[in-house]
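Reading through the structure tokens given below for one structure.
The values are calculated or read from the model by the stated rules, or taken from the named source; none is laboratory data. Please read these numbers as outputs of a predicted model, since none were measured by experiment. Every residue, glycine among them, receives a Cβ derived from its backbone with ideal geometry; neighbour counts consider all protein chains shown.
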């Protein structure tokens, strides 16, 4: 069986195992609204006086050049009020290309087709803008900056994200987001736009699955890139305050990576 086929079979087997175990357990556990759950951030902020720590490992199978490894994708979210949180993160990437498949990545510091490394700090805040009321969606705004600390070091990249969504029937949710990054590279600064949509639906009280589309479009580079992805994901609430998640996806253009997989955890305390 080809390597990609083995990965898909592993994902399906893992999902089936989790689902069977959950049906056997049958107890209610609240999900944590982790941002690492999808490329599209959740439309919830962390409760006042609590903190949510998220971490993950991502493997990106690039079409040319070495594969990219991204870890620990550490994101700490601290609730200062019921509508506002502070955010701090660190990450290290090794590989090639500039594919961005998680919110904690920067991506452009990795050279196309050539092995390179990059470490970065992320810091910012997230605020609740609107609550859902009829057709008015629940929405949040995120302001962040990414500062490289090692590797092919360029400048600090500011980023702004607006995410919105609706709670549907039977726990289903539809969320969308648009992210803008004023990116920096060896060619100079350029614009990077990242739209995304995700549909989330619960299968049991602990197990939720998602289907997501997202992508990256550049403007202002010598060679513009278009990198859309599509794929499934899911998370499982292991115990109150602890959640595990898995994401996989496939690139839809020659600019995008062949495949990515992401496994991580979230801990609320």
Check: Looking only at residues in the range 214-227 that are within 17 Å of the chain's Cα centre (by Cα) and buried (at least 18 other Cβ atoms within 10 Å of the Cβ), which one is farthest from residue 178 (Cα to Cα)?
Finding: 227
Note to self: Against the condition buried (at least 17 other Cβ atoms within 10 Å of the Cβ) and in a loop (DSSP other than H, G, I, E, B), how does residue 100 come out, does it pass?
What the structure shows: yes
Margin query: Yes or no: the range 108-116 includes at least one residue that is assigned to a strand (DSSP E or B) and either crowded, with 19+ Cβ neighbours inside 10 Å or on the phi < 0 side of the Ramachandran plot (or both).
Written below: yes
Checklist line | Residue among 92, 162 that alone is under 28 Å from residue 232 (Cα atoms) and buried (at least 16 other Cβ atoms within 10 Å of the Cβ) | finding: 92
Notebook entry, point to check: Within the range 51-72, how many residues are part of a strand (DSSP E or B) and surrounded by fewer than 22 Cβ atoms within 10 Å (Cβ to Cβ)?
Noted result: 9
Check: If residue 75 satisfies every condition in (1) in contact (Cβ under 8 Å) with a residue 60 or more places away in the chain; (2) closer than 18 Å to residue 161 by Cβ; (3) not in a loop (DSSP other than H, G, I, E, B) but one, which is the exception?
Finding: (1)
Notebook entry, point to check: modelled with pLDDT of 95 or more and in a loop (DSSP other than H, G, I, E, B) - does that describe any residue in the range 12-32?
Noted result: no
Next item on the list: Return yes or no: is residue 266 crowded, with 20+ Cβ neighbours inside 10 Å and either modelled with pLDDT of 95 or more or over 17 Å from residue 40 (Cα atoms) (or both)?
Entry: yes
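Residues checked against (1) at positive phi; (2) surrounded by 19 or more Cβ atoms within 10 Å (Cβ to Cβ); (3) assigned to a strand (DSSP E or B):
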| position | (1), (2), (3) |
| --- | --- |
| 177 | no, yes, yes |
| 191 | no, no, yes |
| 212 | no, yes, yes |
| 229 | no, yes, yes |
| 232 | no, no, yes |
| 244 | no, no, yes |
| 253 | no, no, no |
Check: How many residues does the range 122-150 hold that are buried (at least 18 other Cβ atoms within 10 Å of the Cβ) and in contact (Cβ under 8 Å) with a residue 40 or more places away in the chain?
Finding: 10
